[in-house]
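The structure under discussion appears below in the form of structure tokens.
The values are calculated or read from the model by the stated rules, or taken from the named source; none is laboratory data. Since the structure is predicted, the reported quantities are computational estimates derived from the model, not experimental observations. A quick note on method: Cβ atoms are made from the backbone with ideal geometry, for glycine too, and the neighbour counts reach across all protein chains shown. Keep in mind that these areas ignore ligands, DNA and RNA; they rest on the heavy atoms of the full protein, side chains included. Shrake-Rupley method; radii C 1.70, N 1.55, O 1.52, S 1.80 Å.
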Amino acid sequence: MVPEALRRGRHSPLTGMGLKAGFRPRRLRDTVSRHTAARIAVAMRRRRHSGRARLATRLTRQVKAVVKELAGRAETRLLAILAVSLPRHTALRALLRIPLPAGRVPRVIGVDDFALRRRHRYATVIIDAETHERIDVLPGRTADTLQAWLSEHPGIEIVCRDGSATYAEAIRRALPDAVQVEDRWHVWHNLCEAALSEVKAHSACWATVLDAPIYAGPRAQTTLERRHQVHGLLDQGVSLLECARRLQLALNTVKRYARADRPERMLRVPKYRASLADPYREHLRKRRAEDPGVPVKHLFEEIKALGFTGCLNLLHKYINQGRADADRSHISPRRLARMLLTRPDNLKVEQHELLAKLTAACPEMTQLATGIRDFAPLLTPHADNADALTRWIAQVRAADLPHLHAFTRGLDRDLDAVIAGLTLPYSNGPTEGVNTKTKRIARQMHGRAGFTLLRHRILLG
């Protein structure tokens, strides 16, 4: 006699408990013919597998729904709570078996990069800028990588991107007729950085309105000396790069000195942060007024007896920065720049009054406030923004605002894409949103996901 066989399969849990289905094939009597027995066995096998397939399909669907949201150890812990025992590697294989959406070529795409490992490895994500669907994820962010993908997918008419010159070059090579749209947020962000630099450069103007001190310690003197050296070399016809080499300074530092056409534009309002010496400011000020030549060590011993717990070096720095002789600045350059860049409806009445007082400190501050106020409406896409941008650039270049001049030169280098960003309704915001979700996915897997797994989860959405 043939022994009975028992087959077991894993199925969806029932009432919070794991379920295994067992099947026992029937024994056939000797009176049944061999052909009849074969037909009966095939029919039973089909019936058995169809029922098990229905149950297994439901379990697979549930497992895939979990691993799509939680890949790795997290989904195994959740499945264990749901009475489904599944190794994490099996769960990852189930995730990778989920078919990706069918690839298609949209009319408008968004392109942006994200870090696989910051400062080491990057990737490029491509989405449909109209439906916000993920299209593809490319390894690397070089021009050749994007160019190869664009060449394989003709039919794209509009490409939204940030200010990356690498992506711009790749798009020009692969799709010379495509319209490039620079993201409006990045344009506004660049203007904010330029405005902050202008506010810092005019600290000597608006600080007088607030009776705020201007730092004139050793660091300020060193800054003025370096600025004099840079302008002396520039007057001799030396290039910026050669100035940086001779003075052993960074090129961006030399550029910053070169933009300051007057020495006072290098002066800054001191940055006041909480210090252990703050409670003893009045004592230090009184003692230095009585005896300007009192040694710092004597002051250190005096305030130490009063409870000062800091070190002598901290007190030296505190006095050299001028913090012992001046009151706290009423406003920092960053806070003033934020007020200039904030929508006027969101400012309080006292902020409006303070802003009006500070922007009237000098003609350049007035021109800066006017330039920001005139540029803000251009961020709303409109067909007339192209002519308005041209007028705004001419207006800014007529003012003595070197940092805004650098901003306008950046606009000129990518003017067609900037105009498209200010006139067309598309932006790279949806792509930035996908990057935000990608960071969440990467953190969820503790940064250990390889490119294949990460790409699969991104495209599954």
Can you name the number of the only condition in (1) open to solvent by 70 Å² or more (accessible area, probe 1.4 Å); (2) closer than 23 Å to Leu453 by Cα; (3) among the charged types (D, E, K, R) that Glu157 fails?
(2)
Please determine, by comparing only the residues of region 398-417 that are aliphatic (A, V, I, L, M) and within 27 Å of Ala260 (Cβ to Cβ), which one is surrounded by the fewest Cβ atoms within 10 Å (Cβ to Cβ).
Ala398
Considering only residues that are surrounded by fewer than 19 Cβ atoms within 10 Å (Cβ to Cβ), among the hydroxyl-bearing types (Ser, Thr, Tyr) and within 19 Å of Val434 (Cβ to Cβ), look in region 86-137 and name the one that is farthest from the chain's Cα centre (by Cα).
Thr131
Name the single residue, out of those in region 163-206 being of a type in the set (Asp, Glu) and part of a helix (DSSP H, G or I), that is nearest to Gln147 (Cα to Cα).
Glu169
First in region 179-200 and closer than 26 Å to Ala258 by Cβ, second anywhere and among the polar types (S, T, N, Q) and crowded, with 23+ Cβ neighbours inside 10 Å, Cβ under 9 Å, 6 or more apart
His186/Asn428
Search region 188-231 for residues being among the β-branched types (Val, Ile, Thr) and more than 28 Å from Met339 (Cβ to Cβ), and hand back the single one that is modelled with the lowest pLDDT.
Thr222
Being part of a helix (DSSP H, G or I) and open to solvent by less than 30 Å² (accessible area, probe 1.4 Å) is the requirement here; does Ala388 meet it?
yes
In region 232-250, is there at least one residue being part of a helix (DSSP H, G or I), open to solvent by less than 40 Å² (accessible area, probe 1.4 Å) and under 30 Å from Arg338 (Cβ atoms)?
no
Between residues in region 126-146 that are at positive phi and touching a residue at least 40 places away in the same chain (Cβ under 8 Å) and residues that are open to solvent by less than 70 Å² (accessible area, probe 1.4 Å) and not in a loop (DSSP other than H, G, I, E, B), which pairs lie under 9 Å by C-beta distance while being six or more apart or on different chains?
His132/Gly110; His132/Pro430; His132/Thr431; His132/Gly433; His132/Val434
Which one of these does Glu282 not meet: (1) within 26 Å of Tyr318 (Cβ to Cβ); (2) of a type outside the set (S, T, N, Q); (3) surrounded by 14 or more Cβ atoms within 10 Å (Cβ to Cβ); (4) at pLDDT 80 or above?
(3)
